[in-house]
1. Would you call L36 farther than 29 Å from G104 by Cα, open to solvent by 30 Å² or more (accessible area, probe 1.4 Å), in contact with a helix residue (DSSP H, G or I) (Cβ under 6 Å, 6 or more places away or on another chain) and at pLDDT 95 or above?
2. Consider T98 against the criteria (1) of a type in the set (S, T, Y); (2) touching a Ser or Thr at 6+ places or on another chain (Cβ under 7 Å); (3) open to solvent by less than 30 Å² (accessible area, probe 1.4 Å); (4) without any contact (Cβ under 8 Å) to a residue 60 or more places away in the chain: it satisfies all of them except one. Which criterion is unmet?
3. Looking at the structure I just gave you, is E79 more than 15 Å from the chain's Cα centre (by Cα), modelled with pLDDT of 95 or more and in a helix (DSSP H, G or I)?
4. Residue by residue through the stretch 123-154, note down the ones that are part of a strand (DSSP E or B) and either within 12 Å of L30 (Cα to Cα) or open to solvent by less than 50 Å² (accessible area, probe 1.4 Å) (or both).
5. Inside the stretch 49-72, can you point out the residues that are part of a loop (DSSP other than H, G, I, E, B) and open to solvent by less than 30 Å² (accessible area, probe 1.4 Å)?
6. Going residue by residue through the stretch 106-119, is there one that turns out to be within 14 Å of A22 (Cα to Cα), part of a helix (DSSP H, G or I) and not aliphatic (A, V, I, L, M)?
7. If A32 satisfies every condition in (1) assigned to a helix (DSSP H, G or I); (2) touching a residue at least 12 places away in the same chain (Cβ under 8 Å) but one, which is the exception?
8. What tally of residues in the stretch 35-86 results from selecting those that are in contact with a strand residue (DSSP E or B) (Cβ under 8 Å, 6 or more places away or on another chain), among the small types (G, A, S) and touching a residue at least 24 places away in the same chain (Cβ under 8 Å)?
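The values are calculated or read from the model by the stated rules, or taken from the named source; none is laboratory data. Every value quoted in this text rests on a predicted model; they were computed, and no experiment measured them. Reconstructed Cβ throughout: ideal geometry from the backbone, glycine too, with neighbour counts over all protein chains shown. With ligands, DNA and RNA removed, areas are computed over all heavy atoms of the protein, side chains included. Shrake-Rupley method; radii C 1.70, N 1.55, O 1.52, S 1.80 Å.
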Amino acid sequence: MNKNIEPCAELMIKKELTLAFAESATAGRLSADFSLAESAGKFLKGGIVCYDACLKEDILQVPKHLIEQYTPESAEVTEAIARGLSEVIDSDISIGVTGLTCPGGSETAEKPVGTMFICGIRGEEVIIRDSVVFHGSPEEIVVQAVSHTANLLRLYLLKNPTIPCTKHGNG
């Protein structure tokens, strides 16, 4: 298991928080890897794989014009899938991930293959926003993105020791 996931899971359980993922480029790997954490059922609500843009629009209510303006692999669409997820799965924290693991998407010189976008939402607040360029095979890029996402969430949880748990009344 990824070394960042278990400490993150422990913090989620300690703070009585729940988590859900909207995954495009990681295609369910975040949900699968987090499900392997001890007591995952205490914090992991689930996830939606929205690899195709039509799923982002139909299930997560991402406006088509946003995808057309910024591309499916963008910070703007990543925030939109995280926000849309929070309307579909009732969790304290919703994390969206999009990106480019191989050629054939919306890659450019400024957004090369390996670029991954991560956005975490808690209520209306954006708590995680990052874009990173990873290198390697598609699988290596996804594994790095999972590790990085878990680390970003862990750091957020550590920096906020007294997070009130308002959505589910657990705090």
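1. No, not satisfied.
2. Looking at each condition in turn, T98 falls short on (4).
3. Judged against the criteria, E79 is not a match.
4. V126, I127, I128, D130, V132
5. Those that are part of a loop (DSSP other than H, G, I, E, B) and open to solvent by less than 30 Å² (accessible area, probe 1.4 Å): C50, L60, V62.
6. Checked against the condition, which is being within 14 Å of A22 (Cα to Cα), part of a helix (DSSP H, G or I) and not aliphatic (A, V, I, L, M), the stretch 106-119 yields no hits at all.
7. The single condition A32 does not satisfy is (2).
8. Total meeting the criteria: 9.
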